[in-house]
Every structure is written in C-alpha cells, then in structure tokens.
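Participant: Quick one: this structure, given as structure tokens, is what I'll be asking you about.
The values are calculated or read from the model by the stated rules, or taken from the named source; none is laboratory data. Keep in mind that what you see is a predicted model, and the values were worked out from it rather than measured. In this analysis, Cβ positions are derived from the backbone assuming ideal geometry, glycine residues included, and neighbour counts consider all displayed protein chains.
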C-alpha cells in the first residue's frame with residue numbers, strides 16, 4: 001500500500017472526526033437550549049402554582065366575605081306597608097272606639113299581614129312589620145263627623161294615638177291639609193325601601209291618584225323589582241290604577257278597611273248662610289221634610305252678663321242632605337245670645353285655669369257622649385259613648401269644658417248659641433299668640449290671644 005493511499009485514508013478519518021465533533025457540538029447546543037427552556041418552564045410553573053394558590057386563598061376569603069354579607073343582609077328582615085288614608089279607610093267600628101279602636105285596628109292589621117306573609121312569602125323568616133299610615137287627621141275627623149261615623153272629632157285623634165301606641169313600628173303620620181302631601185311622602189318612602197336589601201316586600205295601599213300609577217309604572221320598567229311590590233286594595237281602584245293592578249300581587253283585608261267611600265254630605269256652611277247655626281250632625285235619613293219654623297234675626301245689645309241657656313234638644317229641621325239637631329229652646333220666642341268682645345269675636349265664658357285637673361282627667365276617661373249630656377239628644381244611632389250616666393251639676397260643668405277643648409269649625413265667627421265646641425284656645429292668654437301646645441295646638445292661630453272682655457251680645 002503506497003503512502004498516497006494512507007494519506008487518503010487519513011484524510012477520510014479526519015473528515016469523520018470533524019463530523020463527529022460537529023455532531024457533539026450540535027448536541028451540546030441543543031441540550032443547553034432545552035435546559036434553558038426547562039428552567040423557564042419550571043419558573044412559569046412555579047409562578048402559576050403560586051398564583052393559583054393565591055387565587056384559591058382569595059376566593060376562599062371572598063366566599064367568607066359573601067357569607068358574612070349575606071348573614072348581615074338576612075339579619076333583621078322586614079316588610080313595609082305604606083298606606084294612603086284617602087284610599088285606605090278603617091271600618092267604622094275601629095274609628096268609633098277612639099284610642100282603643102286605634103289599638104284594635106293595629107293589632108288586626110298586624111295579624112292579617114303576618115298570615116299573608118306566611119302564606120305568600122314562606123322564604124321570609126319572621127320579618128318585622130313596618131306600617132306607615134299617612135292621612136290628614138283633621139280632615140279625617142271632619143269626614144267622619146259629616147259621614148255619620150262619629151259625632152266627636154276628638155275620637156279620631158284618639159284613634160291616631162291608639163294606632164301609634166300599639167306597636168313600635170306602626171305610625172299614623174298626620175300630613176296636614178296639603179292635597180299632594182300623602183303621595184309625595186309615600187313616593188319617597190317607596191323609592192327608599194325598594195332598593196333596601198333588608199326590605200323583602202313593600203305593600204302599597206293607596207287610592208286611584210295618577211301619581212301612584214306613575215310610581216308603579218316606572219317600577220315595571222325593571223322586571224326584577226316587580227316581585228318586591230304588592231298592592232293593598234281598600235277603595236276599589238279606578239282608571240290607570242285599575243289597569244296597572246294586574247301586573248302586581250294584590251291583597252285585600254275586608255275585615256279592616258272600607259270598600260266604599262264615606263257618604264259625606266254637603267258642607268255645613270250652606271246650612272247657616274242666612275240663619276244662626278244650630279249644632280249639626282250628619283243623618284242616616286236623607287231628604288227629611290222640614291217643618292216650618294219661625295224666622296230669626298240678629299241684633300247687638302250692650303252686655304248684661306247673661307249666660308247662654310241650655311236645654312234638651314230635638315231633631316227639628318233639615319237642610320240639603322244632612323239633618324239639623326236643634327235645641328228645643330231655639331224655636332222659643334225668647335232670643336238667645338252669643339257673647340263677643342270689641343272685635344266682634346266670640347268669647348267662651350270659661351276660665352280653664354280654675355278647673356280641677358284630676359276631675360278633668362277622670363271625666364275624659366268616662367267616654368261620655370257630649371251631644372247627649374250637653375244638648376239632650378245624640379244624632380248618632382250607633383254612638384259608642386255613654387248615654388246612661390247621670391251627671392251632677394259639677395260633672396256637667398266639667399263636661400262642657402271638655403267639649404270646649406275641641407275646636408269649632410266656624411271659629412270666632414260662630415253665631416250658634418247652642419254650640420258646645422271651643423272658639424278660642426283654652427291654654428292661650430289674652431294678647432299672646434303662643435300657648436302650651438305650640439305648633440301642635442288643635443286650635444288655629446287666629447283662636448289664640450283672644451280678648452275675653454265681653455262688650456256686646458248677639459241675640460239670635
């Protein structure tokens with residue numbers, strides 16, 4: 001074998017060695033790359049594991065927080081009942097019993113609501129019941145007197161006090177004479193409770209005022225809220241309210257609320273436009289023929305200190321759609337008098353400061369019928385007050401004073417000598433417009449500070 005041959009074989013061997021070295025270098029490079037990738041993957045895996053662990057811990061914390069929030073939301077559940085007195089009128093037997101009637105009405109309403117919630121909302125566990133009744137107390141008193149429910153406006157105020165004292169969360173809210181006060185207040189309360197997580201149901205008892213249809217119509221725009229609202233129907237719904245009622249759950253409590261309006265007669269002022277006013281009371285008998293009576297006249301004479309005489313009364317004359325209860329003495333030829341001061345304002349000759357406080361309180365608790373014991377006849381066939389008790393002269397005097405504590409609707413202009421109601425605030429001093437009761441006084445501001453010096457008499 002020649003040297004050239006060996007040389008060729010040597011070159012081939014060198015080529016093979018070079019190829020082997022190149023392969024080893026490539027393999028080492030690949031191993032280095034894979035090792036770097038593995039390290040990165042390991043870091044990513046560790047990071048993701050740590051992240052997942054943190055997420056799990058955070059999720060557990062959130063679940064615990066949700067549980068705590070839900071426990072707080074489920075704590076003290078309540079339902080709220082918003083009632084507009086214009087459409088939700090309690091039945092006569094409650095209104096006629098004054099303070100006790102108010103308590104009875106509240107108890108019956110509480111029981112009825114509990115039963116309704118158990119039957120229709122079993123998922124609500126023993127909710128508290130909030131009731132807010134909005135009405136014009138003075139206006140309600142007048143409607144009840146004119147509608148023959150009672151002859152004493154003070155009974156309705158007593159009803160409100162009884163309702164308020166029955167349960168801590170029951171309120172009779174006197175809204176005053178404003179026509180829009182009730183639905184304004186109820187509308188704001190409705191929006192406040194609608195999104196309150198503790199409030200599980202809103203019961204809305206109202207009349208057919210378009211304002212309520214507007215409130216309920218806006219609620220329908222969010223269907224998820226409809227189930228949170230129920231209607232309470234007293235007087236039948238009309239117009240828009242009758243149409244929208246179908247979209248809500250509606251409840252009725254016929255043993256509690258009237259389903260018809262009070263039969264309120266024409267305003268009493270019409271009966272005395274041209275003659276002295278007699279004590280008026282609504283009658284259950286309409287269009288009773290009026291017997292002919294003597295004409296009356298009015299004149300002014302110097303004061304002689306005469307006291308208006310009192311006697312039993314009888315039903316004698318009608319005007320419009322109500323019956324007039326007039327004293328028998330009113331058809332006598334002897335004129336009666338109304339005492340007035342120099343300003344022509346009627347003056348009640350009665351010093352309330354001299355009345356024994358204990359005796360006043362005792363007489364109030366007896367629940368005597370003022371009409372019967374003072375005027376001799378009660379115009380209310382279903383009067384719940386005492387007609388049996390025989391009064392002493394002193395008790396009769398105290399009862400007259402108690403009747404004077406209820407404001408007369410005709411105020412200082414009243415010209416009825418038999419009127420038993422008050423024409424000036426008994427707690428007010430002459431010349432002072434303030435009294436012990438302040439803004440809560442039942443008498444108008446004009447009935448305060450009245451000059452009690454009698455300078456003339458109006459004969460009737």
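Participant: Test each condition in (1) part of a helix (DSSP H, G or I); (2) without any contact (Cβ under 8 Å) to a residue 60 or more places away in the chain for residue 193 and report the one that comes out false.
Facilitator: Single failed check for residue 193: (2).
Participant: Given the condition modelled with pLDDT under 90, assigned to a helix (DSSP H, G or I), over 18 Å from residue 253 (Cβ atoms) and within 14 Å of the chain's Cα centre (by Cα), answer yes or no: does some residue in segment 168-181 qualify?
Facilitator: The answer is yes; a qualifying residue exists.
Participant: For the structure I just gave you, tell me whether residue 118 is under 27 Å from residue 257 (Cα atoms), free of Cβ contacts under 8 Å to residues at least 12 places away in the same chain, more than 17 Å from the chain's Cα centre (by Cα) and part of a helix (DSSP H, G or I).
Facilitator: So residue 118 passes the test.
The rows are residues; the columns are (1) at pLDDT 85 or above; (2) buried (at least 17 other Cβ atoms within 10 Å of the Cβ); (3) under 14 Å from residue 420 (Cα atoms).
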{"position": "349", "(1), (2), (3)": "no, no, yes"}
{"position": "354", "(1), (2), (3)": "no, no, no"}
{"position": "357", "(1), (2), (3)": "no, no, no"}
{"position": "363", "(1), (2), (3)": "yes, yes, no"}
{"position": "374", "(1), (2), (3)": "yes, yes, yes"}
{"position": "381", "(1), (2), (3)": "no, no, no"}
{"position": "385", "(1), (2), (3)": "no, yes, no"}
{"position": "399", "(1), (2), (3)": "yes, yes, yes"}
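Participant: In addition: Could you pull out the residue among 101, 187 that is without any contact (Cβ under 8 Å) to a residue 40 or more places away in the chain and not assigned by TED's automatic domain parsing to the domain that holds residue 401?
Facilitator: 187
Participant: Of the residues in segment 51-81, how many are loosely packed, with under 10 Cβ neighbours inside 10 Å and either in contact with a helix residue (DSSP H, G or I) (Cβ under 7 Å, 6 or more places away or on another chain) or in contact (Cβ under 8 Å) with a residue 12 or more places away in the chain (or both)?
Facilitator: 2
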